[in-house]
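Trainee: For reference, the structure I am asking about is given below.
The values are calculated or read from the model by the stated rules, or taken from the named source; none is laboratory data. Please read these numbers as outputs of a predicted model, since none were measured by experiment. Don't worry about glycine lacking a Cβ; one is built from the backbone with ideal geometry, like all the others, and counts go over all protein chains shown.
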Amino acid sequence: MKKVISYSIRLTIIILALICARTTTSSFAAKVENNNINKTINLNTMAIKVIEANTIAKFTAKDTFTGDLTGYAYNCPLCNGTLACAPKYNVKDGTTTYNDPDYGKVFIVASSKNLPCGTIIRFNSDRVKEDGDALAIVLDRGVLGTALDLLTPSEAYASKYIGRSSITYDVLRNGWAKDEG
């Protein structure tokens, strides 16, 4: 008789365990079931948001300085037509801008070694650009402290249009991007 009760108890426990397992599996399956075939993920919207975040970060000032802005030409008294920063571009052809892969066409400036080569700066000077902020890249040396010297087509142009003025400028990129020289 004891064996029959023990067998009945075991059988009851097994049946209850199976019922519980089936109930748990059914409710789990109901939670993950998705019968709506019209659900889509808009990857274009997600990509645009990532691009917008990167653009905002790209144009956010990392540091701000105040200094004098002057102009110079490739043939100034102490210049030889080759920029000091590697890869030492030759600008004797009158080049005054640089095509940066991240910032596009930017002006070329000389700075002190306080700003590493490849640094991108943003400043506002109606002597340089009438319609808003100007972007420039440090590709040359030859000034002291926080001053900047803007590369211009000629010394006469530098004297007539740039002169000397005090500006405040933002550093947007400190030196070359990781994948550049």
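Trainee: Just the residues that are among the aliphatic types (A, V, I, L, M) and buried (at least 22 other Cβ atoms within 10 Å of the Cβ), please, taken from the range 142-158.
Mentor: Result: Leu148, Leu150, Leu151.
Trainee: I'm told Leu139 meets every condition in (1) exposed (fewer than 15 other Cβ atoms within 10 Å of the Cβ); (2) closer than 21 Å to Phe59 by Cα except one. Can you identify the failing condition by its number?
Mentor: Leu139 satisfies every listed condition except (1).
Trainee: Let me ask something else. Could you tell me whether the range 84-100 includes any residue that is part of a loop (DSSP other than H, G, I, E, B), under 20 Å from Ile167 (Cβ atoms) and at pLDDT 90 or above?
Mentor: So far as the range 84-100 goes, yes, one or more of its residues are part of a loop (DSSP other than H, G, I, E, B), under 20 Å from Ile167 (Cβ atoms) and at pLDDT 90 or above.
Trainee: Let me ask something else. What pairs come out if I take residues in the range 114-126 that are assigned by TED's automatic domain parsing to the domain that holds Tyr169 and pair them with residues that are of a type in the set (D, E, K, R) and not in a loop (DSSP other than H, G, I, E, B) whose C-beta lies under 6 Å away, six or more apart or interchain?
Mentor: Ile120/Arg173; Arg122/Asp170
Trainee: Select from the range 72-97 the residues that are surrounded by 14 or more Cβ atoms within 10 Å (Cβ to Cβ), in contact with a Ser or Thr (Cβ under 7 Å, 6 or more places away or on another chain) and farther than 23 Å from Arg173 by Cβ and list them in ascending order.
Mentor: Residue satisfying the conditions is Ala73 alone.
Trainee: Just to be sure I understand, how many residues within the range 60-71 are loosely packed, with under 15 Cβ neighbours inside 10 Å and in a strand (DSSP E or B)?
Mentor: Number satisfying all stated conditions: 3.
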